[in-house]
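Colleague: What follows is a single structure, and I will ask about it in a moment.
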Amino acid sequence: MADLVEYSVDGAVALVRLNRPPVNALSEELSQDLLAAFTKAADPAVRAVVVTGQPHFAAGADIKGFREAYAADRDERLASSLAEAITVLEDLAKPVIAAIHGYALGGGLELSMGADFRYLAEDALVGQPEIKLGLIPGAGGTQRLQRLVGHQKARDIVYSGRFVAAEEALVIGLADKVAPSGGLLEMAMTDAGIWAEGPTPALAAAKRALNHGWGRSILDGLAIEADEFNKTFWTDDAKEGVAAFIEKRQARFTGR
């Protein structure tokens, strides 16, 4: 049986590919495999990550599992399992790109929002349609979506359960780039390769400062930023960056 999640490394870029045909419906087992892949991607030798799935990124939860939970009179465990994997993805100390083909719905969109950037194919559709099942997003959708698109736009998307096309996603800030489907993954891998050549400790520090400072008071946010700045100041990459600037040459960052 094929792995539900394929993990490979190209240079310093890890590629995590969902592999549950035909639509990469999310299950507890798939979520656990994602968690294992994201944990593996924490390897310092990996300096950027791309998450993808084809022909669909992930068309939402496997609803059969919900019916089984009702029949067994037990809590549904997919949401909590997926939420755990997304948190690990979000906390990776390196840039992460979600390359979205086809559908990224429900848990699929929630998964993509754990990445730093979302690249959408021109024909991609994203959304949080849980409301149409009498449910709400359960793996971070109500929280991460409003941080990306604003409170009222998130309310519209969650309340309606409607699908959002790639161009609208780009306008409202849910997508960072839109490209033809055939070239999407190549673009994501190319950009990830550029990030992987950057000052990884500084990128990680910037990511922590942005993520951990969100929603806090300005004083708390400034304290977080100052702490992260001090952490990066003595890194090899910072010393190299300063030297390269003074010597008027291109910096050669090693990720240390």
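Colleague: So which GluC sites (Glu not before Pro) in region 153-256 end up in coil per DSSP with only 13 or fewer other C-beta atoms within 10 Å?
Modeller: When the GluC sites (Glu not before Pro) of region 153-256 are filtered for loop state and at most 13 Cβ neighbours within 10 Å, GLU247 remain.
Colleague: What value, in deg cm²/dmol to 500, does the helix sum -39500 (n - 2.57) over DSSP H runs of n ≥ 4 give at 222 nm once divided by the residues of the chain?
Modeller: After summing the helix terms and dividing by the residues of the chain, the value is -15000 deg cm²/dmol.
Colleague: Taking 0.36 nm per residue of sequence separation and subtracting the Cα-Cα distance, how much length would be gained by fully extending the chain between LEU210 and TYR159, in nm to one decimal?
Modeller: 15.6 nm
Colleague: Determine the equivalent ellipsoid of region 136-250 by diagonalising the alpha-carbon gyration tensor, then write out the semi-axes as square roots of 5 times the eigenvalues, largest first, rounded to whole Å.
Modeller: 34, 23, 10
Colleague: Which loop chymotrypsin sites (Phe, Trp or Tyr not before Pro) in region 223-256, with loop taken from DSSP, have no more than 11 other Cβ atoms within 10 angstrom of their Cβ?
Modeller: Details: sites: PHE229, PHE233, TRP234, PHE245, PHE253; in loops: TRP234, PHE253.
Passing both the DSSP loop test and the Cβ count: TRP234.
Colleague: If you don't mind, there's one more thing I want to ask. For the chain, count all C-alpha to C-alpha pairs, find those more than 28 Å apart, and express that count as a whole percent of the total. Walk me through the numbers on the way to the answer.
Modeller: Numbers: 11613 of 32640 pairs.
Summing the P(r) tail past 28 Å for the chain gives 36 percent.
Colleague: Could you count how many Lys pairs in the chain have their Cα atoms under 28 Å apart, skipping same-chain pairs fewer than 8 positions apart?
Modeller: For the chain, the number of qualifying lysine pairs is 20.
Colleague: Right, here's the next one. Is there a quick way to get the dipole size of the chain? I mean about its Cα centre, with the Cβ of Lys and Arg at +1 and of Asp and Glu at -1; what is the value in debye to the nearest 20?
Modeller: In total the dipole reaches around 380 debye.
Colleague: Of the options ALA25, PRO44, TYR70, report the single residue whose Cα projects farthest towards the positive end of the charge dipole of the chain (beta-carbon charges: Lys, Arg +1; Asp, Glu -1).
Modeller: PRO44
Colleague: Which value, in debye to the nearest 20, gives the size of the charge dipole of region 200-246 about its Cα centre, when Lys and Arg are +1 and Asp and Glu are -1 at the Cβ? Numbers along the way, then the final one.
Modeller: Details: 5 positive and 7 negative charges, 24 e Å.
The dipole magnitude comes to about 120 debye.
Colleague: On to the next question. Less than 10 Å Cβ to Cβ from ALA169, Lys/Arg counted +1 and Asp/Glu -1: what total charge do the surrounding residues give? Display every interim value, and only then the final one.
Modeller: On the way: positive: ARG118; negative: GLU167, GLU168, ASP176.
The answer is -2.
Any read-out appearing in this document is the output of simple, stated calculations on the displayed coordinates, not a laboratory observation. Small disclaimer: the values here were computed from a predicted structure and weren't measured. Backbone-built Cβ (ideal geometry, glycine too); neighbour counts: all protein chains shown.
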